[in-house]
1. Filter segment 224-255 for residues that are at pLDDT 95 or above and of a type in the set (A, V, I, L, M, F, W, C) and give the result.
2. Is it the case, given these coordinates, that Ser174 is of a type outside the set (A, V, I, L, M, F, W, C), farther than 29 Å from Glu252 by Cα and modelled with pLDDT of 95 or more?
3. Within segment 219-236, which residues are within 19 Å of Pro176 (Cβ to Cβ) and not in a helix (DSSP H, G or I)?
4. From Asp324, Asp268, Asp286, which residue is open to solvent by 30 Å² or more (accessible area, probe 1.4 Å) and modelled with pLDDT under 95?
5. I need a count of the residues in segment 42-62 that are basic (Lys, Arg) and without any contact (Cβ under 8 Å) to a residue 12 or more places away in the chain.
6. So, in segment 65-102, how many residues would count as being open to solvent by 20 Å² or more (accessible area, probe 1.4 Å) and not in a loop (DSSP other than H, G, I, E, B)?
7. State whether the residues of segment 116-125 include one that is in contact (Cβ under 8 Å) with a residue 24 or more places away in the chain, surrounded by 18 or more Cβ atoms within 10 Å (Cβ to Cβ) and part of a strand (DSSP E or B).
8. From (1) open to solvent by 20 Å² or more (accessible area, probe 1.4 Å); (2) of a type outside the set (Lys, Arg); (3) touching a residue at least 60 places away in the same chain (Cβ under 8 Å); (4) under 27 Å from Gly101 (Cα atoms), pick out the condition that doesn't hold for Gly168.
Amino acid sequence: MSILNEAFELKDYMVNQRNYFHSHPELGLQEFNTCNHIEEELSKIGVSYRRVADVNVIAEIDSGRPGKTLFLRADIDALPIQDAKDVPYKSQVPGVMHACGHDGHAAYLLGAAKIILQHKEEFSGKVILAFQAAEEIGKGARDILAAGVLDNVDRTFGIHFSSGISVGKYGIKSGPDMASCDRWRIKIHGKAAHITTPQAGSDSLFIGALIATQLQTVVSRLISPVEGGLIGVGRFEAGTTYNIIPGEAELEGTIRAFSPESRKKMADAVRKIAQNVADEYGGTVDVDIEDICDPCTNPAETAGEVVESARKLVSEENIITSLDKRFGSDNFADYSRKASGTYVHVGSSDGPATSVAHHNEYFDLAEDSYSYAAALAVQYVLDYLK
């Protein structure tokens, strides 16, 4: 029996697991019930596990024979969105839902664990299964790294469902795939005054507006248009009423880049523009830039390995290797600091209901997508650890 057929035999199991997670979503760093449920399932199938930093579950399947170690990751956190779907598995938590497929990630990795156990005699080395917390807020991955989980890992592998790809298709590309993510905050300190006497104050709102405008010139002037980059402003707060020049203002946004060099260049520009504009108009600034995650880049070697595994499951036309790089981010990229690996996009659309954009209140997954995800993970385990 093919691995894909085995994965479809477990479809009902994975659907039930996904629907449970979807009904009981938890935000990043709050995934206590989710972890408890994952551990219950791992105990049932006889897989050992441990907790890392309270809300990450790390499991291990050891063949009992020396060999390499492959790390499989599934993120498990939900989003602060009200579920608008009318389905039996609708979120039971007001204002919280799985709107990015992480419930499906947890479900497919549980299914994959069951199949890997059935094939334990066919490979050497170890498989580490990581159910990672808080991806949406840029946490979890570095806690796992700090705990030494990847110290002896040879390869990493991650899957993300994609509503923009039809179920039964895999998106596997080499090179830059997803951007880095930095979160910046600029606090502007001016001097309040009456709106009719601007010369008596230092207008923090005006300073903030100039900073926001000038930031839009950075990418077009400092970053190659072939590579691309992004500096976005997502929040601007200033003022208390209509006739007071505000003394304080705050801007917040993000930097996205595909190379360390461009990432640093844009961060330096944010600091420099903020400082120069504030100096010119009598204010001061505090600039904080938080490193959320690295760029996600698939080495040609590891991507090629996964493509070969995919070819054993689906026809060539269902393997997409020419995906456009995207400015979305995923801290799966941080695992590459310890071991190279591949980030795969698995199709999860089989009609209008499952083609809704990620982070939308109607987001849903095609049920067959869990089997395709589990099959690829298992096939790669058997091929890489053969």
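1. Leu230, Ile231, Val233, Phe236, Ala238, Ile244, Ile245, Ala249, Leu251, Ile255
2. yes
3. Ile223, Ser224, Pro225, Val226, Glu227, Gly228, Gly229, Leu230, Ile231, Gly232, listed by residue number.
4. Going through Asp324, Asp268, Asp286 in turn, the sole match is Asp324.
5. Matching residues across segment 42-62 total 2.
6. Number of matching residues: 0.
7. no
8. For Gly168, the exception is condition (1).
The values are calculated or read from the model by the stated rules, or taken from the named source; none is laboratory data. Source: prediction; values computed, not measured. Ideal geometry is used to build each Cβ from the backbone, glycine not excepted, and the neighbour counts take in all protein chains shown. The area values use the complete protein model at the heavy-atom level, side chains included, leaving out ligands, DNA and RNA. Shrake-Rupley method; radii C 1.70, N 1.55, O 1.52, S 1.80 Å.
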